[in-house]
1. Assess whether Ala181 counts as being in contact with a helix residue (DSSP H, G or I) (Cβ under 7 Å, 6 or more places away or on another chain), more than 22 Å from Ile89 (Cβ to Cβ) and either part of a loop (DSSP other than H, G, I, E, B) or at pLDDT below 95 (or both).
2. Test Arg101 against the criterion of being under 16 Å from Ala39 (Cα atoms) and open to solvent by 80 Å² or more (accessible area, probe 1.4 Å), and give yes or no.
3. Between residues in region 86-111 that are over 19 Å from Asp219 (Cβ atoms) and residues that are open to solvent by 50 Å² or more (accessible area, probe 1.4 Å) and in a loop (DSSP other than H, G, I, E, B), which pairs lie under 7 Å by C-beta distance while being six or more apart or on different chains?
4. Could you tell me which residue of region 18-47 is nearest to Pro232 (Cα to Cα), considering only residues that are surrounded by 15 or more Cβ atoms within 10 Å (Cβ to Cβ) and at pLDDT below 60?
5. From the list Glu74, Glu140, exactly one residue is modelled with pLDDT under 95 and among the charged types (D, E, K, R). Which is it?
6. Does Asp134 fit the bill of being at pLDDT below 90 and among the acidic types (Asp, Glu)?
7. Of everything in region 83-97, what is part of a helix (DSSP H, G or I) and either charged (D, E, K, R) or open to solvent by less than 20 Å² (accessible area, probe 1.4 Å) (or both)? Give them in sequence order.
8. Could you list, in sequence order, all residues of region 58-69 that are farther than 21 Å from Lys122 by Cα, buried (at least 18 other Cβ atoms within 10 Å of the Cβ) and in contact with a Phe, Trp or Tyr (Cβ under 9 Å, 6 or more places away or on another chain)?
Amino acid sequence: MHRHPALAPRLSLAAAGFAWALSAGAATWQLDPDRSVVALLTHRAGVGARLAHDHLVVAPLAGVTLELDADRPEAARLTVAVRADALEIDAAAARARWGGRLAELGALAKGLEPVPEGDRAKVRAAMLGASQLDAARHPELRVELVSLARRGGDGDARPTPGWTARVRLTLRGKTIEKELAVRFELEAGELTAEALGEMRFTELGIEPYSTLLGAIRNDDLCHLFVALVARPEAPNPAAAKP
């Protein structure tokens, strides 16, 4: 558990798939909301862990901006800027949609079962409270792509090694940088990307939530998960007129 072998260094770029028109430089890409997510996965711990839940915290996609030049993917720009009080916490649809994939990637032992509405309200209040995200004093959360770099060959004889994304997270007024394993495809004008990485609450100055003298608590370890499916935004004809 807490490993992600399915994100081992692999990259597939379909050379015949770039039939769409892109102007020079990076283009802004439009995310598919049904197949995209930026989420934080927390893990239950403590002797009473079976009575608790792993939690899935999802950022609204309206706060996500992606810019990419298909010829220079290493220059991609990704920014996530959202209000803490806009986070979607343990929504049934998101847990059902992404729990299985997170289990496949090794971030979970199994999928994510539904969380009762009453429990969701309590979790949200605790998560936004002063001891956790402290949304009242730190209303904005940010995730920014700092760099996207090719990995070494890693013993793979194929000519396209994997990639590593370095991201900068700003949460509760503290900023850290972490590395995520990335795999993506560009085919027939569509980008499909997936990244998973580990971090710890204490790196952000947050003591993991705990109750009942620690019998039920969150593990310090959590996962940042990004899945994106996108296409270049259509050019605005009016903007091209002199």
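1. Working: in contact with a helix residue (DSSP H, G or I) (Cβ under 7 Å, 6 or more places away or on another chain): yes; more than 22 Å from Ile89 (Cβ to Cβ): yes; either part of a loop (DSSP other than H, G, I, E, B) or at pLDDT below 95 (or both): yes.
So Ala181 fits the description; yes.
2. Here the answer is no, as Arg101 does not meet what is asked.
3. Ala92/Pro114
4. Among those residues, the one meeting the criterion is Leu22.
5. Details: Glu140 fails: modelled with pLDDT under 95.
After ruling out the rest, the residue left standing is Glu74.
6. The answer is no for Asp134.
7. Those that are part of a helix (DSSP H, G or I) and either charged (D, E, K, R) or open to solvent by less than 20 Å² (accessible area, probe 1.4 Å) (or both): Ala84, Asp85, Ala94, Arg95, Arg97.
8. Leu66, Leu68
The values are calculated or read from the model by the stated rules, or taken from the named source; none is laboratory data. Computed from a prediction, not measured in an experiment: that's the story for all the values here. Don't worry about glycine lacking a Cβ; one is built from the backbone with ideal geometry, like all the others, and counts go over all protein chains shown. The protein model used for the area step is the full one, side chains on, heavy atoms only, and it has no ligands, DNA or RNA in it. Shrake-Rupley method; radii C 1.70, N 1.55, O 1.52, S 1.80 Å.
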